[in-house]
Each structure stands twice: as structure tokens, then as C-alpha cells.
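The values are calculated or read from the model by the stated rules, or taken from the named source; none is laboratory data. Values in this document were obtained by computation on a predicted structure and should not be read as measured data. A quick note on method: Cβ atoms are made from the backbone with ideal geometry, for glycine too, and the neighbour counts reach across all protein chains shown. Remember, those area values only see protein heavy atoms, side chains included, never the ligands or the DNA or RNA. Shrake-Rupley method; radii C 1.70, N 1.55, O 1.52, S 1.80 Å.
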Amino acid sequence: AGMHYALDVIMSELSVGQNIPPAPGTTASILLRGEVRVAFFPLINPDGYEYSRTQLAWYRGNRNLTAAAREQCPQTQYKTTNGTVEVADGEWGVDLNRNFNGFNSFGTISVSGPCSLAQNYPGEGPFDQAETAGLRAFVERELQAGTEIVMSVDQHSFGGFVLYPY
């Protein structure tokens, strides 16, 4: 799954193959025989992506601003990389990467409130956002159908990390 964070724009451009016939016995040949299914979710956060693309390049969350509105978040001043001071609306949405509950970790690792410039607000509870609930529903349907899920990879464009959200 890619682009949990709206600012992970580079991750939406994922190369998944070339026009070269795979060698027998390789992973690519197994995929072509249909023995393995692969599901790609290149854009998990479309509204956050659009906001980061058009309004605030370093925006991370989705655009569910319910908690931010309830808290009446103030505008936030920040310093840009060229040293100028600008103002953001202070409404950060939900950090989708923290909206999962892998290893019962919801709300325990580097979280903040909905008004925080850190943009680490995990939501009201695990999977309470449409984006993460949709991924969970997909995984649960596959498991109920008898699919053996071997791997889940969550790619980010910063830090060189491989994270396991589910």
C-alpha cells in the first residue's frame, strides 16, 4: 500500500514490471501462471494527496477534519526551508499510518492531538477512517475466502523505512 501520507507523492509512481519474459522458476514466472495474486493500493489517501499537491506540500493526513473542528484548532505559523514564515490553517486531519492497530499499538507510538503541527493524530480509534477501514475490509474478505496473505508492504518516500501497518 502506498501514499498513506499525502506528501509521499513519489510512492504513487511504482514500476511493477517490464516487457521482458521471466525466466522459469522465478517469482515473475510464478505470478504469470496465476499461482500468486498481488494487490496494489497505490493511493490510500486521495483527499490528503490533493491538499498537499495544491495547498500545503508537507501535509500528511487525510482531510477528515472532524476532530480538528471540534477542538477549534488555531492557525499555525511555521518557517519554510528558505526561512520565510507562513501560516497554515491548523487543521491536520488524521494520520492514516497511525490509524491501524498492528500489534495492538493504536494510540501508543508518537501520537499527538488533532491540532498539533506534528500531524500525528491517530483518530478516535483504530480503523475509524474510511481509508484504513477499506483496507481492513479487503484483508478480512481475503482471509475469509481462504487467501493466505504472506506479506504487506507500506512504502514511504522519507527515511528508507519498510513499515508494517496491518
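I'd like the chymotrypsin sites (Phe, Trp or Tyr not before Pro) in segment 39-138 restricted to DSSP loop residues with at most 14 other Cβ atoms within 10 Å, sorted by number. It would help to have the intermediate numbers written out before the result.
Values: sites: Phe40, Tyr49, Tyr51, Trp58, Tyr59, Tyr78, Trp92, Phe100, Phe103, Phe106, Phe127, Phe138; in loops: Phe40, Trp58, Tyr59, Trp92, Phe100, Phe106, Phe127.
Sites meeting the loop and neighbour criteria: Phe40, Trp58.
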Ranked from the most accessible area to the least, with a 1.4 Å probe and all protein chains present, what is the order of Val150, Val87, Val139, Val94? Val150, Val87, Val139, Val94
On alpha-carbon atoms, Rg over Rh for segment 88-132 using Kirkwood Rh? 0.96
3J(HN,Hα) from dihedral phi, segment 82-93, Karplus parametrisation 6.51/-1.76/1.60, rounded to Hz, x for glycine, proline: 8, x, 7, 9, 10, 10, 10, 5, x, 9, 9, x
How much net charge surrounds Gly113 when only other residues with a Cβ under 13 Å from its Cβ are counted (Lys, Arg +1; Asp, Glu -1)? -2
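Keeping all protein chains in place, calculate the accessible area per residue for segment 90-150 (probe 1.4 angstrom), answer in Å². Each step should come with its number before you reach the end.
On the way: 3140 Å² over 61 residues.
Accessible surface, normalised per residue, equals 52 Å².
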